[in-house]
Amino acid sequence: MKWLRRKPTIIAAVSLVVVLVAAATLWNISSARTFQFFGELVHRVDTHEKIVALTFDDGPDPAGTQQVLDTLAENQVQATFFLMGRDLEKHPDLGRKIAQAGHEIGNHTYNHPRMVGVLPSTVAKEVEDTDAQIRKTGYQGDIHFRPPHGRKLFSLPHYLSEHHRKTIMWDVEPDSEGTPTAQQIEQETLEKTKPGSIILLHPMYQSRDQTRQALKPIITKLKERGFRFVTVSALLNRA
Ligand SMILES: [Zn+2]
């Protein structure tokens, strides 16, 4: 009868393992580039046309905004900026410059939290406060959403789906991990970009000088290969 006495311990141990495996699975699902539980997620579009969307996350920040805008203007490229409400509130002039240059602006939350295990009310506040800051820039187009750290699980996709908002992910991310050099960023982008790709770069903050340096060669070389740059909305409209 020893076994019977140990049974609760065994059940508890098995339950713990099940809970841990489930938690790990959900954590992995939360960062999936191509799947979420509700609503529409886009990480690239299917097309044979050589069009790609350049997207920039975070900011606006004085360290990077002007240089990025100058590079885009010199090369006559339209891009999409996923901006944070907090940074827009701090630097409204930079937000206006991005809007005035005709680029698309997307929502990257107010405070950049990992949007997993968050209350629906937190999701609504993060998204709506940021929308309000984006509209203050004068930007009038659709506002797509990109989750910070690419994280989403239940409440965020549910909110976005209810509000008919798309989650925009990416299929090329050369500067998300580690501290790659400008040359490595350029090389990875050139290797992985395909027709319909969504390229994610982080050029905004002081520490991101290598990304800013890579931007011009990326644009030049993709153009040489016949690619054309469009905003995320334009890319979606052609899909
Ligand atoms: Zn971010």
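Annotations for the structure displayed:
- Helices (runs of 4 or more DSSP H) enclosed by segment 1-97 - at least 2 residues per element that are of a type in the set (Gly, Ala, Ser): 2-30
- The residues listed here are Arg238, Arg225; of these, the one that is of a type outside the set (Phe, Trp, Tyr), more than 16 Å from the ligand (Cβ to nearest atom) and modelled with pLDDT under 95 is Arg238.
- Summed over segment 1-44, residues that are open to solvent by 50 Å² or more (accessible area, probe 1.4 Å), modelled with pLDDT of 85 or more and in contact with a helix residue (DSSP H, G or I) (Cβ under 7 Å, 6 or more places away or on another chain) total 0.
- Across segment 29-65, the qualifying residues are those that are more than 26 Å from Leu88 (Cβ to Cβ) and among the acidic types (Asp, Glu), and the one among them that is farthest from the ligand (Cβ to nearest atom) is Glu49.
- Take the conditions (1) out of contact with any helix residue (DSSP H, G or I) (no Cβ under 8 Å at 6 or more places or on another chain); (2) within 23 Å of Trp27 (Cα to Cα); (3) among the acidic types (Asp, Glu); Asp171 misses just one of them, which is (1).
- Some residue of segment 114-127 being in a loop (DSSP other than H, G, I, E, B), within 15 Å of the ligand (Cβ to nearest atom) and open to solvent by 60 Å² or more (accessible area, probe 1.4 Å): yes
- Residue in segment 100-111 that is assigned to a strand (DSSP E or B) and away from the ligand (no atom under 16 Å from the Cβ) present: yes
The values are calculated or read from the model by the stated rules, or taken from the named source; none is laboratory data. Quantities reported herein were computed from a predicted structural model and do not represent experimental measurements. Positions of Cβ are generated from backbone atoms using ideal geometry, with glycine treated the same way; all protein chains shown enter the neighbour counts. Heavy atoms of the whole protein, side chains included, go into the accessibility calculation; ligands, DNA and RNA do not. Shrake-Rupley method; radii C 1.70, N 1.55, O 1.52, S 1.80 Å.
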